[in-house]
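Reading through the structure tokens given below for one structure.
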Amino acid sequence: MHRPRSAQTCALAAFLALALTGPVIAGSLAPVSDAAVKSHASQGDVRTISGATAALVRSQEGAFVSVRTTNLNPGHAYTMWVVTINDPAACETSPCKSADVFDRTTATGADMGLADGIVARADGTAEFAAHIPVGPLPHAWFGHGLRHADAEIHVTIADHGPVIPELAGSMLASYRGGCTDESLSKRAPASAIADGEPGPNTCRLVQFAIFPTDAEAS
């Protein structure tokens, strides 16, 4: 059970899956950036998720991102959110941190939008994939979108709790789908809080990965 993906996204998901498991022949494909997948700071000490990998491919039209991860709760609904930081040089740290996204949004040109939604398998694994075109983000929080593919890009995975059949569509395609008010981030804008059907589950941010720009990585 998952949100339908476009044929283009599925094709890139297959490509990124290959990139995560094997070498890329130099000059034959767009460069692939890899990133560690880590536990979210809201859940305690940040640690690298063993066996999880994230990959990003940039182009003039945007970016494709894929996350293959584990340590999820079987049967829980998860959404993946993309954070675009269009002016990372304006961040107070490198890579940028949450304060640069939520408190300095205008200066950094930061935005956050929905990328994918899926239900974790019985072994706690899942694969997320998304095409992020230059322009507005789906379910955008701040309205800055992705202005150029050289933006600093973060991905965050949110746990919406056990799938509730009558709320499944909302749980896989919105911020608050299935969540109680108390479990939502107090830093989220009102539009995000209103995005989706409420429910009885305690929702939380559980994992993230960061893709700095080429300039930041050098």
So residue 148 fits all but one of (1) surrounded by 21 or more Cβ atoms within 10 Å (Cβ to Cβ); (2) closer than 19 Å to residue 58 by Cβ; what number is the exception?
(1)
Every residue from the range 153-198 that is in contact with a His (Cβ under 9 Å, 6 or more places away or on another chain) and farther than 28 Å from residue 62 by Cβ:
161, 162, 163, 167, 178, 179
Kindly indicate the residue of the range 113-129 that is within 13 Å of the chain's Cα centre (by Cα) and touching a residue at least 60 places away in the same chain (Cβ under 8 Å) and also farthest from residue 53 (Cα to Cα) among those meeting that condition.
114
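Kindly check whether there is at least one residue in the range 8-19 that is in contact with a helix residue (DSSP H, G or I) (Cβ under 8 Å, 6 or more places away or on another chain) and either among the β-branched types (Val, Ile, Thr) or at pLDDT below 55 (or both). Lay out the reasoning, then the answer.
To start, the set of residues in the range 8-19 that are in contact with a helix residue (DSSP H, G or I) (Cβ under 8 Å, 6 or more places away or on another chain) comprises none.
There is no residue in the range 8-19 that is in contact with a helix residue (DSSP H, G or I) (Cβ under 8 Å, 6 or more places away or on another chain) and either among the β-branched types (Val, Ile, Thr) or at pLDDT below 55 (or both).
For the range 36-61, give me each residue that is under 25 Å from residue 147 (Cα atoms), within 17 Å of the chain's Cα centre (by Cα) and surrounded by fewer than 20 Cβ atoms within 10 Å (Cβ to Cβ). Let's see the steps before the verdict.
From the range 36-61, those under 25 Å from residue 147 (Cα atoms) are 36-37, 54-61; that's our starting set.
So of that shortlist, the ones also within 17 Å of the chain's Cα centre (by Cα) come out as 36-37, 54-58.
Once the filter is applied, which keeps residues that are under 25 Å from residue 147 (Cα atoms), within 17 Å of the chain's Cα centre (by Cα) and surrounded by fewer than 20 Cβ atoms within 10 Å (Cβ to Cβ), the range 36-61 yields only 36.
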Is it true that some residue in the range 105-116 is of a type in the set (Val, Ile, Thr), in a loop (DSSP other than H, G, I, E, B) and closer than 20 Å to residue 144 by Cβ?
no
When the range 137-184 is checked residue by residue, the ones that are free of Cβ contacts under 8 Å to residues at least 60 places away in the same chain and in a loop (DSSP other than H, G, I, E, B) are 137, 138, 139, 140, 141, 142, 143, 164, 176, 180, 184
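The values are calculated or read from the model by the stated rules, or taken from the named source; none is laboratory data. Here the structure is a predicted model, which is why all the values come from computation and not from measurement. Quick reminder, even Gly has a Cβ in these numbers, built from the backbone with ideal geometry, and neighbours come from all protein chains shown.
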